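In what follows, a structure is listed as structure tokens, so that the remarks can point back to it.
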Amino acid sequence: MKVLVAVKRVVDYNVKVRPKSDNTDVDLANVKMSINPFCEIAVEEAVRLKEKGVATEIVAVSVGPQQAQEQLRTALALGADRAILVTTDNDLEPLAIAKCLKAVCDSESPDIILMGKQAIDGDNNQTGQMLAALAGFGQATFASEISIDAGKATVIREVDGGLQTVALNLPALVTADLRLNEPRYASLPNIMKAKKKPLDMSTPADLGVDIANRVTLLGVELPAERQAGIKVEDVATLVDKLKNEAKVIS
Ligand code: AMP
């Protein structure tokens, strides 16, 4: 069984992002970039499927700048067998990314596509759903457990207020939620080995994909700063302040 795992290069989750001085976009100058955390969970799940003998090959794919090779090398160090980078310097929106991934899916014919539920840069939560629709695959989003048996995937999904279990015929697409697993760290020997694993490159034009954006980013800004809190002496002062200063009770 072949697994295709989609990996996005994003600003590292520890970085406090800032808008550019003209507020046209997020400032990415000298900012640490990493694998999107939910994609790391998807890679880990693929590796566990291979360790269980369910998967035979893991192909990691990314759409992004040349530097996204770094994140693909990390996926290779975590256990992917080979990688594909669709290079572009444009900031693509989910539909264009889904179309590029669909073209890769057509040439790779995976049995299952694993993705993150969301990329922490754009917070779109769209690419998996769009790719499943384009590929005509069944989809299970927000997965917290995946089991595969006899050509079927059974997936437990995290939904509001509980869990939902769904069964999908393969090929299928599953997006990973936070509790699916805890990703391992890449060991030094595996990081070295990953340097020799195959990483193929193509472009959206090679794949015949229209990457024109349909949405224009008008601006970004930080949320309003919260004022510092204060300590009050007693409950009476608290009630007084809530009534007369904050005016949240009457
Ligand atoms: P999003 O719809 O942007 O929140 O992203 C959801 C998931 O789609 C991510 O966790 C990735 O698995 C995949 N994805 C999004 N953008 C890319 C990209 N440029 N390259 C590879 N995978 C991507």
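The values are calculated or read from the model by the stated rules, or taken from the named source; none is laboratory data. Bear in mind the structure is a predicted one, so any value in this text is a computation, not a measurement. Here Cβ is always computed from backbone atoms with ideal geometry, including for glycine, and neighbour counts include all displayed protein chains.
Points worth noting:
- Any hit, segment 44-53, residues being under 20 Å from GLY138 (Cβ atoms), at pLDDT 95 or above and under 18 Å from the mean Cα position of the chain (by Cα): yes
- Among strands (runs of 3 or more DSSP E) entirely within segment 99-167, having at least 1 residues that are of a type outside the set (S, T, N, Q) and within 11 Å of the ligand (Cβ to nearest atom) singles out 112-116.
- With respect to the conditions (1) more than 13 Å from the ligand (Cβ to nearest atom); (2) in contact (Cβ under 8 Å) with a residue 60 or more places away in the chain; (3) in a strand (DSSP E or B), VAL86 lacks only one, and its number is (1).
- The residue that is nearest to ASN181 (Cα to Cα), counting only those in segment 45-61 that are in contact with a helix residue (DSSP H, G or I) (Cβ under 7 Å, 6 or more places away or on another chain) and within 13 Å of the ligand (Cβ to nearest atom), is GLU45.
- Residue match in segment 184-195 (condition: in contact with an Asp or Glu (Cβ under 7 Å, 6 or more places away or on another chain), within 19 Å of ALA80 (Cβ to Cβ) and surrounded by fewer than 19 Cβ atoms within 10 Å (Cβ to Cβ)): yes
- Checking ALA96, ALA83, ALA119 one by one, the residue that is under 18 Å from VAL47 (Cβ atoms) and surrounded by 22 or more Cβ atoms within 10 Å (Cβ to Cβ) is ALA83 and no other.
- Against the criterion of being touching a residue at least 12 places away in the same chain (Cβ under 8 Å) and not in a strand (DSSP E or B), LEU173 does not qualify.
Residue-wise test of (1) modelled with pLDDT of 95 or more; (2) closer than 20 Å to LEU92 by Cα; (3) touching a Phe, Trp or Tyr at 6+ places or on another chain (Cβ under 6 Å).
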{"site": "LEU131", "(1), (2), (3)": "yes, yes, no"}
{"site": "ALA143", "(1), (2), (3)": "yes, no, no"}
{"site": "SER147", "(1), (2), (3)": "yes, no, no"}
{"site": "THR154", "(1), (2), (3)": "yes, no, no"}
{"site": "LEU180", "(1), (2), (3)": "yes, no, no"}
{"site": "ILE191", "(1), (2), (3)": "yes, no, no"}
{"site": "LYS197", "(1), (2), (3)": "yes, no, no"}
{"site": "ILE211", "(1), (2), (3)": "no, yes, no"}
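- Total residues in segment 20-31, condition in contact with a Pro (Cβ under 9 Å, 6 or more places away or on another chain) and either surrounded by 21 or more Cβ atoms within 10 Å (Cβ to Cβ) or aliphatic (A, V, I, L, M) (or both): 1
- Any hit, segment 11-19, residues being in contact (Cβ under 8 Å) with a residue 60 or more places away in the chain, under 26 Å from LEU101 (Cα atoms) and either surrounded by fewer than 21 Cβ atoms within 10 Å (Cβ to Cβ) or within 13 Å of the ligand (Cβ to nearest atom) (or both): yes
- Against the test of being outside any strand (DSSP E or B), acidic (Asp, Glu) and surrounded by 10 or more Cβ atoms within 10 Å (Cβ to Cβ), the options ASP206, ASP200, ASP210 yield a single qualifying residue, ASP206.
- Residues in segment 1-21 that are in contact with a Gly (Cβ under 9 Å, 6 or more places away or on another chain) and assigned to a loop (DSSP other than H, G, I, E, B): VAL7, LYS8.
- So PRO223, is it within 16 Å of the ligand (Cβ to nearest atom), part of a loop (DSSP other than H, G, I, E, B) and not polar (S, T, N, Q): no
- Test result for ALA119, more than 12 Å from the chain's Cα centre (by Cα) and not charged (D, E, K, R): no
- Cross-chain or 6+ apart pairs with Cβ under 7 Å, segment 31-52 first and assigned to a strand (DSSP E or B), then charged (D, E, K, R) and within 16 Å of the ligand (Cβ to nearest atom): MET33/ARG9; MET33/ASP12; SER34/ASP12
- Within segment 62-82, the residues that satisfy the criterion of being more than 11 Å from the ligand (Cβ to nearest atom) and either aliphatic (A, V, I, L, M) or assigned to a helix (DSSP H, G or I) (or both) are GLN66, GLN67, GLN69, GLU70, ARG73, THR74, LEU76, ALA77, LEU78, ALA80.
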